[in-house]
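The values are calculated or read from the model by the stated rules, or taken from the named source; none is laboratory data. Remember, it's a predicted structure, so these values are computed and weren't measured experimentally. With ideal geometry, Cβ positions are generated from the backbone for all residues, glycine too; neighbour counts draw on all protein chains shown. Protein only, heavy atoms only, side chains kept; ligands, DNA and RNA dropped before computing areas. Shrake-Rupley method; radii C 1.70, N 1.55, O 1.52, S 1.80 Å.
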Amino acid sequence: MNFKIALIRGDGIGPEIINETVKVIDKVGEKFGHAFEYIDVLMGGCATDAIGTSYPEGTAELCKSCDAVLLGAVGGPKWGSDRPAQERPETALLAIRKDLGLYANLRPAVLRPALIDACPLKRETAEQGIDLLMLRELTGGIYFGKRGRYQTEDRGVEATDLMAYSEKEIERIGRRAFEMARLRRKKVSSVDKANVLETSRLWRSVMHRLAEEYPDVAYEDVLVDNCAMQLMRDPGQFDVVVTENMFGDILSDEASMVTGSIGLLPSASMGDGAPALYEPIHGSAPDIAGQDKANPIATILSAAMMFRYSFQLGDEADVIEEAVDKALAAGWRTADIVNLGEAIVGTRRMGEVIRENI
Ligand code: NAD
(Lines give C-alpha, C1' and ligand atoms only; values in the text may rest on other atoms or scores of the structure.)
Protein backbone atom coordinates (compact mmCIF):
# COMPACT_ATOMS: atom_id res chain seq x y z
CA MET A 1 0.00 0.00 0.00
CA ASN A 2 1.04 3.63 -0.51
CA PHE A 3 0.76 6.32 2.15
CA LYS A 4 1.50 10.02 2.24
CA ILE A 5 2.81 11.34 5.55
CA ALA A 6 3.18 15.01 6.49
CA LEU A 7 6.34 15.53 8.55
CA ILE A 8 6.53 18.47 10.92
CA ARG A 9 10.10 18.20 12.15
CA GLY A 10 9.85 21.39 14.21
CA ASP A 11 12.41 22.69 16.68
CA GLY A 12 14.98 21.50 19.22
CA ILE A 13 15.27 17.70 19.17
CA GLY A 14 12.35 17.49 16.68
CA PRO A 15 14.45 16.98 13.54
CA GLU A 16 16.67 14.33 15.19
CA ILE A 17 13.82 12.18 16.49
CA ILE A 18 11.82 12.48 13.25
CA ASN A 19 14.90 11.42 11.27
CA GLU A 20 15.21 8.18 13.20
CA THR A 21 11.47 7.56 13.02
CA VAL A 22 11.32 8.02 9.24
CA LYS A 23 14.02 5.38 8.87
CA VAL A 24 11.98 3.03 11.08
CA ILE A 25 8.86 3.65 8.96
CA ASP A 26 10.85 2.90 5.79
CA LYS A 27 12.18 -0.30 7.33
CA VAL A 28 8.62 -1.42 8.11
CA GLY A 29 7.68 -0.52 4.53
CA GLU A 30 10.50 -2.70 3.23
CA LYS A 31 9.44 -5.64 5.40
CA PHE A 32 5.72 -5.48 4.59
CA GLY A 33 5.81 -4.03 1.06
CA HIS A 34 4.43 -0.53 1.66
CA ALA A 35 5.69 2.73 0.13
CA PHE A 36 5.70 6.10 1.86
CA GLU A 37 5.82 9.59 0.47
CA TYR A 38 6.89 12.32 2.88
CA ILE A 39 5.78 15.92 2.66
CA ASP A 40 7.88 18.31 4.75
CA VAL A 41 5.74 20.90 6.51
CA LEU A 42 7.41 23.97 7.99
CA MET A 43 5.86 24.88 11.35
CA GLY A 44 7.02 26.23 14.71
CA GLY A 45 9.99 28.37 15.68
CA CYS A 46 11.87 27.28 12.56
CA ALA A 47 9.03 28.70 10.46
CA THR A 48 9.17 31.98 12.39
CA ASP A 49 12.89 32.19 11.65
CA ALA A 50 12.39 31.37 7.99
CA ILE A 51 9.34 33.44 7.11
CA GLY A 52 8.25 35.37 10.22
CA THR A 53 5.25 33.26 11.24
CA SER A 54 5.08 29.96 13.16
CA TYR A 55 2.04 28.78 11.19
CA PRO A 56 2.60 29.55 7.51
CA GLU A 57 -0.42 29.90 5.28
CA GLY A 58 -1.42 26.61 3.72
CA THR A 59 -0.04 24.46 6.59
CA ALA A 60 -3.42 22.85 7.33
CA GLU A 61 -4.18 22.25 3.62
CA LEU A 62 -0.81 20.58 3.13
CA CYS A 63 -1.48 18.32 6.13
CA LYS A 64 -5.01 17.56 4.89
CA SER A 65 -3.57 16.32 1.60
CA CYS A 66 -1.80 13.53 3.54
CA ASP A 67 -2.98 10.31 5.23
CA ALA A 68 -1.40 11.24 8.58
CA VAL A 69 0.73 13.89 10.22
CA LEU A 70 3.85 13.11 12.26
CA LEU A 71 5.16 15.90 14.48
CA GLY A 72 8.50 16.05 16.34
CA ALA A 73 8.12 19.02 18.69
CA VAL A 74 7.95 22.78 18.41
CA GLY A 75 9.04 25.59 20.69
CA GLY A 76 11.99 26.85 22.65
CA PRO A 77 13.21 29.82 24.67
CA LYS A 78 14.18 31.67 21.50
CA TRP A 79 10.50 32.17 20.66
CA GLY A 80 9.22 33.07 24.13
CA SER A 81 6.11 34.85 25.39
CA ASP A 82 7.61 38.28 24.63
CA ARG A 83 7.09 37.58 20.92
CA PRO A 84 3.86 38.48 19.09
CA ALA A 85 1.38 35.59 18.93
CA GLN A 86 1.99 34.72 15.27
CA GLU A 87 5.70 34.16 15.98
CA ARG A 88 5.15 31.82 18.93
CA PRO A 89 5.27 28.06 18.22
CA GLU A 90 2.41 27.34 20.68
CA THR A 91 0.10 29.41 18.46
CA ALA A 92 0.85 27.02 15.60
CA LEU A 93 0.11 23.97 17.77
CA LEU A 94 -3.31 25.29 18.79
CA ALA A 95 -4.04 26.33 15.20
CA ILE A 96 -3.21 22.97 13.64
CA ARG A 97 -5.34 21.12 16.20
CA LYS A 98 -8.23 23.45 15.48
CA ASP A 99 -7.85 23.41 11.69
CA LEU A 100 -7.69 19.62 11.57
CA GLY A 101 -10.59 19.38 14.07
CA LEU A 102 -8.54 17.20 16.45
CA TYR A 103 -10.81 16.87 19.46
CA ALA A 104 -9.59 13.55 20.88
CA ASN A 105 -6.13 13.16 22.35
CA LEU A 106 -4.96 9.60 22.99
CA ARG A 107 -2.06 8.94 25.26
CA PRO A 108 -1.24 5.34 26.04
CA ALA A 109 0.74 5.00 29.27
CA VAL A 110 2.48 1.66 29.16
CA LEU A 111 5.17 0.47 31.52
CA ARG A 112 7.55 -1.36 29.19
CA PRO A 113 8.50 -4.70 30.80
CA ALA A 114 12.25 -4.00 30.63
CA LEU A 115 11.85 -0.72 32.51
CA ILE A 116 10.09 -1.78 35.69
CA ASP A 117 12.97 -0.25 37.67
CA ALA A 118 12.27 3.18 36.13
CA CYS A 119 8.73 3.20 37.58
CA PRO A 120 8.66 5.45 40.65
CA LEU A 121 5.88 3.38 42.28
CA LYS A 122 6.35 0.48 44.68
CA ARG A 123 7.85 -2.55 42.97
CA GLU A 124 4.84 -4.78 43.72
CA THR A 125 2.57 -2.19 42.08
CA ALA A 126 4.82 -1.90 39.02
CA GLU A 127 5.04 -5.67 38.68
CA GLN A 128 1.28 -5.85 38.20
CA GLY A 129 1.83 -3.93 34.95
CA ILE A 130 0.54 -0.61 33.63
CA ASP A 131 -1.21 -0.41 30.28
CA LEU A 132 -3.79 2.35 30.14
CA LEU A 133 -5.09 4.72 27.52
CA MET A 134 -5.80 8.31 28.52
CA LEU A 135 -8.37 9.90 26.27
CA ARG A 136 -8.50 13.67 26.70
CA GLU A 137 -11.03 16.05 25.15
CA LEU A 138 -8.85 18.59 23.35
CA THR A 139 -10.90 21.42 21.92
CA GLY A 140 -13.44 22.37 24.59
CA GLY A 141 -13.70 23.25 28.25
CA ILE A 142 -11.96 25.93 30.23
CA TYR A 143 -8.96 26.30 27.89
CA PHE A 144 -11.27 27.53 25.15
CA GLY A 145 -13.93 29.29 27.22
CA LYS A 146 -14.47 33.01 27.52
CA ARG A 147 -11.92 34.64 29.78
CA GLY A 148 -11.39 38.09 31.16
CA ARG A 149 -10.23 40.47 33.86
CA TYR A 150 -12.08 43.34 35.41
CA GLN A 151 -11.70 45.80 38.23
CA THR A 152 -13.95 45.29 41.26
CA GLU A 153 -14.83 47.92 43.81
CA ASP A 154 -13.43 46.22 46.88
CA ARG A 155 -11.43 43.15 45.82
CA GLY A 156 -8.95 44.58 43.34
CA VAL A 157 -8.72 42.99 39.91
CA GLU A 158 -10.73 39.80 39.36
CA ALA A 159 -10.20 37.24 36.58
CA THR A 160 -12.54 34.59 35.17
CA ASP A 161 -12.22 31.55 32.90
CA LEU A 162 -15.42 29.95 31.72
CA MET A 163 -15.75 26.19 31.47
CA ALA A 164 -18.42 25.08 29.01
CA TYR A 165 -19.23 21.72 27.44
CA SER A 166 -22.05 20.77 25.11
CA GLU A 167 -23.74 17.36 24.92
CA LYS A 168 -22.40 17.00 21.40
CA GLU A 169 -18.80 17.57 22.48
CA ILE A 170 -19.13 15.07 25.32
CA GLU A 171 -20.84 12.46 23.20
CA ARG A 172 -18.21 12.40 20.43
CA ILE A 173 -15.30 11.89 22.84
CA GLY A 174 -17.34 9.48 24.97
CA ARG A 175 -18.15 7.34 21.96
CA ARG A 176 -14.46 7.17 21.07
CA ALA A 177 -13.71 5.94 24.60
CA PHE A 178 -16.17 3.05 24.28
CA GLU A 179 -14.97 2.19 20.76
CA MET A 180 -11.31 2.18 21.92
CA ALA A 181 -12.20 0.06 24.95
CA ARG A 182 -13.75 -2.54 22.64
CA LEU A 183 -10.33 -2.93 21.02
CA ARG A 184 -8.65 -3.31 24.42
CA ARG A 185 -9.73 -4.75 27.78
CA LYS A 186 -13.30 -3.41 27.56
CA LYS A 187 -13.37 -1.01 30.47
CA VAL A 188 -14.08 2.75 30.51
CA SER A 189 -13.36 4.98 33.51
CA SER A 190 -14.94 8.39 33.04
CA VAL A 191 -13.34 11.11 35.14
CA ASP A 192 -15.27 14.17 36.32
CA LYS A 193 -15.98 16.38 39.30
CA ALA A 194 -19.75 15.85 39.33
CA ASN A 195 -20.00 16.52 43.07
CA VAL A 196 -19.15 20.18 42.34
CA LEU A 197 -19.26 21.16 38.66
CA GLU A 198 -22.35 21.47 36.45
CA THR A 199 -20.30 20.66 33.32
CA SER A 200 -19.31 17.41 35.04
CA ARG A 201 -22.94 16.55 35.83
CA LEU A 202 -23.80 16.96 32.15
CA TRP A 203 -20.67 14.96 31.24
CA ARG A 204 -21.78 12.15 33.55
CA SER A 205 -25.34 12.00 32.24
CA VAL A 206 -24.17 11.75 28.62
CA MET A 207 -21.62 9.06 29.56
CA HIS A 208 -24.32 7.04 31.36
CA ARG A 209 -26.53 7.18 28.28
CA LEU A 210 -23.62 5.96 26.12
CA ALA A 211 -22.75 3.19 28.60
CA GLU A 212 -26.19 1.66 27.93
CA GLU A 213 -25.33 1.47 24.22
CA TYR A 214 -22.14 -0.47 25.01
CA PRO A 215 -23.26 -3.21 27.45
CA ASP A 216 -20.17 -5.28 26.61
CA VAL A 217 -17.91 -2.56 28.05
CA ALA A 218 -17.56 -2.17 31.83
CA TYR A 219 -18.13 1.42 32.93
CA GLU A 220 -17.32 3.45 36.05
CA ASP A 221 -17.42 7.10 37.16
CA VAL A 222 -14.30 8.32 38.94
CA LEU A 223 -13.94 11.70 40.62
CA VAL A 224 -10.86 13.53 39.39
CA ASP A 225 -9.22 13.79 42.82
CA ASN A 226 -9.73 10.07 43.39
CA CYS A 227 -8.35 9.33 39.92
CA ALA A 228 -5.15 11.27 40.71
CA MET A 229 -4.76 9.11 43.82
CA GLN A 230 -5.63 5.79 42.12
CA LEU A 231 -3.02 6.43 39.42
CA MET A 232 -0.39 6.37 42.17
CA ARG A 233 -1.96 3.55 44.19
CA ASP A 234 -3.03 1.06 41.54
CA PRO A 235 -2.69 2.23 37.91
CA GLY A 236 -3.15 -1.36 36.69
CA GLN A 237 -6.90 -1.07 37.39
CA PHE A 238 -7.38 1.33 34.44
CA ASP A 239 -7.95 0.48 30.79
CA VAL A 240 -9.46 3.50 28.97
CA VAL A 241 -9.67 6.71 31.04
CA VAL A 242 -11.72 9.46 29.40
CA THR A 243 -11.95 13.02 30.64
CA GLU A 244 -12.35 16.69 29.76
CA ASN A 245 -9.55 18.97 28.61
CA MET A 246 -8.03 20.39 31.81
CA PHE A 247 -8.40 17.24 33.94
CA GLY A 248 -6.86 15.29 31.05
CA ASP A 249 -3.96 17.71 30.75
CA ILE A 250 -3.01 17.13 34.37
CA LEU A 251 -3.82 13.42 34.69
CA SER A 252 -2.04 12.45 31.48
CA ASP A 253 1.19 13.97 32.77
CA GLU A 254 0.76 12.09 36.02
CA ALA A 255 0.11 8.84 34.14
CA SER A 256 3.20 9.41 32.00
CA MET A 257 5.40 9.75 35.08
CA VAL A 258 4.43 6.35 36.44
CA THR A 259 5.83 4.72 33.31
CA GLY A 260 9.32 6.05 33.95
CA SER A 261 10.31 8.46 31.21
CA ILE A 262 8.79 11.24 29.22
CA GLY A 263 11.01 10.12 26.32
CA LEU A 264 9.03 6.89 25.90
CA LEU A 265 5.44 7.99 25.48
CA PRO A 266 3.62 8.50 22.19
CA SER A 267 0.34 10.25 21.51
CA ALA A 268 -2.26 10.71 18.82
CA SER A 269 -4.80 13.47 18.23
CA MET A 270 -7.84 12.62 16.16
CA GLY A 271 -10.92 14.22 14.69
CA ASP A 272 -13.58 13.08 12.26
CA GLY A 273 -12.34 12.81 8.70
CA ALA A 274 -9.14 14.89 8.59
CA PRO A 275 -5.79 13.14 9.09
CA ALA A 276 -4.81 12.36 12.67
CA LEU A 277 -1.67 13.86 14.16
CA TYR A 278 0.93 11.72 15.93
CA GLU A 279 3.58 13.12 18.24
CA PRO A 280 5.64 12.27 21.31
CA ILE A 281 4.23 13.72 24.52
CA HIS A 282 7.48 15.53 25.32
CA GLY A 283 8.54 18.93 24.03
CA SER A 284 11.51 20.11 22.00
CA ALA A 285 14.02 19.58 24.86
CA PRO A 286 16.21 22.57 23.92
CA ASP A 287 18.71 21.59 26.64
CA ILE A 288 19.82 18.51 24.69
CA ALA A 289 18.99 19.55 21.11
CA GLY A 290 21.53 18.74 18.40
CA GLN A 291 23.64 16.58 20.73
CA ASP A 292 22.49 13.09 19.72
CA LYS A 293 21.12 12.60 23.25
CA ALA A 294 17.34 12.58 22.73
CA ASN A 295 15.42 9.36 23.18
CA PRO A 296 13.65 8.68 19.84
CA ILE A 297 11.37 5.97 21.29
CA ALA A 298 8.31 8.18 21.99
CA THR A 299 8.29 9.33 18.36
CA ILE A 300 8.90 5.82 17.03
CA LEU A 301 5.98 4.53 19.15
CA SER A 302 3.88 7.43 17.81
CA ALA A 303 4.59 6.03 14.34
CA ALA A 304 3.36 2.64 15.59
CA MET A 305 0.09 4.33 16.60
CA MET A 306 -0.08 5.87 13.13
CA PHE A 307 0.14 2.40 11.56
CA ARG A 308 -2.55 1.07 13.89
CA TYR A 309 -5.08 3.89 13.84
CA SER A 310 -4.58 5.77 10.53
CA PHE A 311 -3.41 2.97 8.25
CA GLN A 312 -5.31 0.13 10.00
CA LEU A 313 -2.10 -1.94 9.94
CA GLY A 314 -2.01 -3.56 13.37
CA ASP A 315 0.69 -6.14 12.55
CA GLU A 316 3.08 -3.40 11.45
CA ALA A 317 2.35 -1.48 14.67
CA ASP A 318 3.01 -4.62 16.74
CA VAL A 319 6.34 -5.16 14.98
CA ILE A 320 7.50 -1.63 15.87
CA GLU A 321 6.43 -2.00 19.51
CA GLU A 322 8.09 -5.39 19.78
CA ALA A 323 11.31 -3.99 18.24
CA VAL A 324 11.34 -1.26 20.91
CA ASP A 325 10.77 -3.79 23.69
CA LYS A 326 13.55 -6.01 22.33
CA ALA A 327 16.00 -3.09 22.23
CA LEU A 328 15.13 -2.20 25.82
CA ALA A 329 15.25 -5.82 26.99
CA ALA A 330 18.73 -6.13 25.49
CA GLY A 331 19.84 -3.25 27.70
CA TRP A 332 20.04 -0.41 25.18
CA ARG A 333 19.47 2.89 27.02
CA THR A 334 19.49 6.58 26.16
CA ALA A 335 20.57 8.96 28.93
CA ASP A 336 17.03 9.66 30.16
CA ILE A 337 16.32 6.01 31.04
CA VAL A 338 19.74 4.81 32.10
CA ASN A 339 20.45 3.25 35.51
CA LEU A 340 23.70 3.76 37.35
CA GLY A 341 26.49 1.75 35.72
CA GLU A 342 24.67 1.05 32.42
CA ALA A 343 26.08 2.16 29.07
CA ILE A 344 24.42 5.08 27.26
CA VAL A 345 23.68 5.26 23.54
CA GLY A 346 22.63 8.28 21.51
CA THR A 347 19.57 9.01 19.38
CA ARG A 348 21.02 7.56 16.19
CA ARG A 349 22.27 4.31 17.72
CA MET A 350 18.96 3.71 19.49
CA GLY A 351 17.15 4.19 16.17
CA GLU A 352 19.54 1.81 14.48
CA VAL A 353 19.09 -0.91 17.13
CA ILE A 354 15.31 -0.68 16.85
CA ARG A 355 15.54 -1.01 13.06
CA GLU A 356 17.78 -4.05 13.43
CA ASN A 357 14.99 -5.65 15.49
CA ILE A 358 12.35 -5.09 12.80
P1 NAD B 1 10.40 19.07 27.35
O2 NAD B 1 9.53 17.89 27.26
O3 NAD B 1 10.93 19.61 26.08
O4 NAD B 1 11.65 18.75 28.32
C5 NAD B 1 11.52 18.42 29.69
C6 NAD B 1 12.75 17.62 30.14
O7 NAD B 1 12.68 16.31 29.58
C8 NAD B 1 14.08 18.21 29.65
O9 NAD B 1 15.06 18.01 30.62
C10 NAD B 1 14.40 17.41 28.42
O11 NAD B 1 15.79 17.31 28.14
C12 NAD B 1 13.81 16.06 28.76
N13 NAD B 1 13.35 15.37 27.56
C14 NAD B 1 12.25 15.67 26.81
N15 NAD B 1 12.14 14.84 25.76
C16 NAD B 1 13.19 14.00 25.84
C17 NAD B 1 13.64 12.92 25.04
N18 NAD B 1 13.01 12.53 23.93
N19 NAD B 1 14.78 12.28 25.40
C20 NAD B 1 15.44 12.64 26.51
N21 NAD B 1 15.07 13.64 27.31
C22 NAD B 1 13.96 14.32 26.98
O23 NAD B 1 9.56 20.19 28.13
P24 NAD B 1 9.89 21.71 28.41
O25 NAD B 1 11.34 21.87 28.73
O26 NAD B 1 8.87 22.17 29.35
O27 NAD B 1 9.61 22.45 27.02
C28 NAD B 1 10.61 22.79 26.07
C29 NAD B 1 9.93 23.42 24.86
O30 NAD B 1 9.07 22.47 24.24
C31 NAD B 1 9.02 24.61 25.24
O32 NAD B 1 9.21 25.62 24.26
C33 NAD B 1 7.63 24.05 25.17
O34 NAD B 1 6.68 25.02 24.83
C35 NAD B 1 7.77 23.05 24.05
N36 NAD B 1 6.78 21.97 24.06
C37 NAD B 1 6.33 21.56 22.86
C38 NAD B 1 5.42 20.53 22.79
C39 NAD B 1 4.97 20.07 21.45
O40 NAD B 1 5.59 20.38 20.44
N41 NAD B 1 3.89 19.32 21.36
C42 NAD B 1 4.99 19.90 23.96
C43 NAD B 1 5.50 20.32 25.19
C44 NAD B 1 6.40 21.37 25.23
Selection from segment 316-337 of residues that are surrounded by fewer than 17 Cβ atoms within 10 Å (Cβ to Cβ) and within 14 Å of the ligand (Cβ to nearest atom): ALA335
Test set (1) more than 10 Å from the ligand (Cβ to nearest atom); (2) open to solvent by less than 10 Å² (accessible area, probe 1.4 Å) - LEU277 fails condition number: (1)
Single residue of segment 68-79 satisfying the filter (within 23 Å of the chain's Cα centre (by Cα) and not in a strand (DSSP E or B)) that is nearest to the ligand (Cβ to nearest atom): GLY75
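Does segment 24-46 include one or more residues that are of a type outside the set (Lys, Arg), over 21 Å from ILE354 (Cβ atoms), modelled with pLDDT of 95 or more and part of a helix (DSSP H, G or I)?
Going residue by residue through segment 24-46, those that are of a type outside the set (Lys, Arg) are 24-26, 28-30, 32-46.
Of the ones still in play, those that are also over 21 Å from ILE354 (Cβ atoms) are 37, 39-46.
So of that shortlist, the ones also modelled with pLDDT of 95 or more come out as 37, 39-46.
The next check asks that each one be part of a helix (DSSP H, G or I); those that pass are 45-46.
There is at least one residue in segment 24-46 that is of a type outside the set (Lys, Arg), over 21 Å from ILE354 (Cβ atoms), modelled with pLDDT of 95 or more and part of a helix (DSSP H, G or I).
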Residue in segment 196-203 that is farther than 22 Å from MET180 by Cα, among the polar types (S, T, N, Q) and open to solvent by 50 Å² or more (accessible area, probe 1.4 Å) present: no
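Part of a helix (DSSP H, G or I), closer than 21 Å to MET134 by Cβ and aliphatic (A, V, I, L, M): is that true of MET350 in this structure?
Details: part of a helix (DSSP H, G or I): yes; closer than 21 Å to MET134 by Cβ: no; aliphatic (A, V, I, L, M): yes.
So MET350 fails the test.
Within segment 166-178, which residues are of a type in the set (Asp, Glu) and exposed (fewer than 14 other Cβ atoms within 10 Å of the Cβ)? Spell out how you get there, then give the answer.
Start the filter on segment 166-178 by keeping residues that are of a type in the set (Asp, Glu), which leaves 167, 169, 171.
Within segment 166-178, GLU167 is the sole residue that qualifies.
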Complete set of residues in segment 39-67 that are open to solvent by less than 60 Å² (accessible area, probe 1.4 Å) and within 16 Å of the ligand (Cβ to nearest atom): VAL41, MET43, GLY44, GLY45, CYS46, ALA47, THR48, SER54, TYR55, THR59, CYS63
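Residues checked against (1) touching a residue at least 40 places away in the same chain (Cβ under 8 Å); (2) closer than 18 Å to ALA323 by Cβ; (3) among the polar types (S, T, N, Q):
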{"site": "ILE17", "(1), (2), (3)": "yes, yes, no"}
{"site": "THR21", "(1), (2), (3)": "yes, yes, yes"}
{"site": "VAL24", "(1), (2), (3)": "yes, yes, no"}
{"site": "LYS27", "(1), (2), (3)": "yes, yes, no"}
{"site": "ASP40", "(1), (2), (3)": "no, no, no"}
{"site": "GLY52", "(1), (2), (3)": "no, no, no"}
{"site": "ALA60", "(1), (2), (3)": "yes, no, no"}
Segment 21-34, residues that are hydrophobic (A, V, I, L, M, F, W, C) and open to solvent by 50 Å² or more (accessible area, probe 1.4 Å): PHE32
Residue list for segment 1-21, restricted to those being at positive phi and in contact with a helix residue (DSSP H, G or I) (Cβ under 6 Å, 6 or more places away or on another chain): GLY12
Pick from segment 1-38, criterion within 12 Å of the ligand (Cβ to nearest atom) and of a type in the set (D, E, K, R), ranking: nearest to MET305 (Cα to Cα): GLU20
